[in-house]
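Take a look at the structure below.
The values are calculated or read from the model by the stated rules, or taken from the named source; none is laboratory data. Predicted, not measured: the structure shown is a model, and the values here were computed from it. A quick note on method: Cβ atoms are made from the backbone with ideal geometry, for glycine too, and the neighbour counts reach across all protein chains shown. When the accessible area is computed, the model is the full protein with side chains, heavy atoms only, and any ligands, DNA or RNA have been set aside. Shrake-Rupley method; radii C 1.70, N 1.55, O 1.52, S 1.80 Å.
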Amino acid sequence: MLLVQEHLIKLGGVRLSGQMKSIEISEEASIEDIEDDKGKTKASQPTGYAPAKILIDFIIEKSIGKSQLEQISMLQRLFKPYGQKKAKLLQVVNEDCAARGISKVYFQRLDTKNEISGSGRTATLELLAPVVAGIKLKPARQAKKIKKAIKKEFKKSKKKKSKSPSNKKRIVTDKIKKAKILIIERQFYGIQKAYKS
């Protein structure tokens with residue numbers, strides 16, 4: 001006995017038409033092998049979780065008000081609307097997804113197949129649940145203490161800048177320039193006096 005139920009999934013606010021043949025949700029943990037210098041595995045270490053993959057198979061048959069091609073073009077518009085450059089996060093409503101805690105997905109892949117021997121077409125949707133990065137926030141009191149500690153470490157020096165070695169070099173070079181100018185002026189005035197006399 002074949003139980004036919006339509007509209008078992010809503011994706012991006014649109015009810016998907018057709019007969020859902022199967023839905024498969026797979027999740028896996030990321031585990032990294034730690035190897036020694038010789039290449040032998042010493043231990044395994046978990047590093048997190050891979051995003052959940054959802055595979056949905058549909059049988060698309062002509063229904064009241066929608067042809068097979070209209071249903072496929074509706075799926076295509078969901079997958080990649082006109083002008084869209086990258087995949088967008090879509091709301092998914094399905095009891096299997098809800099049981100696994102998945103409410104938003106990326107529409108990653110769309111495959112359609114026209115079975116010549118049968119009267120219908122099939123479509124396979126591949127959805128990818130995003131991995132949400134958790135950010136731990138520190139309480140306001142701790143944040144204020146950290147800011148104060150940073151200010152203390154990096155506050156401006158109370159030393160007088162006139163005593164710094166780099167400033168002394170500037171003062172010396174300025175005095176040398178002034179002395180050279182005075183010498184040139186005196187020589188110039190001495191030459192002028194000699195011409196006048």
Next item on the list: Could you rank the peptides 9-16, 98-105 by their average count of other C-beta atoms within 10 Å per residue, with the highest value first?
Entry: 9-16, 98-105
Checklist line | Ala98 versus Lys38: modelled label distance in nm, points set 7 Å from Cα along the beta carbon direction | finding: 5.6 nm
Next item on the list: Mind giving me the FRET efficiency for Lys86 and Leu110? R0 is 22 Å, r the Cβ-Cβ distance, nearest 0.05 is fine.
Entry: 0.90
Next item on the list: Please find the FRET efficiency linking Val131 to Ser22, where r is the Cβ-Cβ separation and R0 is fixed at 22 Å, and quote it to the nearest 0.05.
Entry: 0.35
Next item on the list: Anything over 20 Å Cα to Cα? Flag those among Lys21/Lys53; Lys66/Lys104; Lys21/Lys85; Lys66/Lys113; Lys85/Lys113, in the order listed.
Entry: Lys66/Lys104; Lys21/Lys85; Lys85/Lys113
Note to self: If packing is taken as the average number of other Cβ atoms within 10 Å across a peptide's residues, how do 119-131, 83-95, 66-78, 30-42 rank, most packed first?
What the structure shows: 119-131, 66-78, 83-95, 30-42
Check: At a 1.4 Å probe radius, carbon and sulfur cover how many percent of the accessible area of the stretch 34-130?
Finding: 51 percent
Item checked: Cα gyration tensor shape of the stretch 6-90, rounded if a/c is under 1.5, else prolate or oblate by comparing a/b with b/c -> prolate
Next item on the list: Work out from phi, with θ = phi - 60° and the Karplus expression 6.51 cos²θ - 1.76 cosθ + 1.60, the ³J(HN,Hα) of each residue of the stretch 28-33, listed in order in whole Hz, and give x for Gly and Pro.
Entry: 8, 8, 8, 10, 9, 8
Check: Where nothing but the Cβ of Lys and Arg (+1) and of Asp and Glu (-1) is charged, how large is the charge dipole of the stretch 34-135 around its Cα centre, in debye to the nearest 20?
Finding: 400 debye
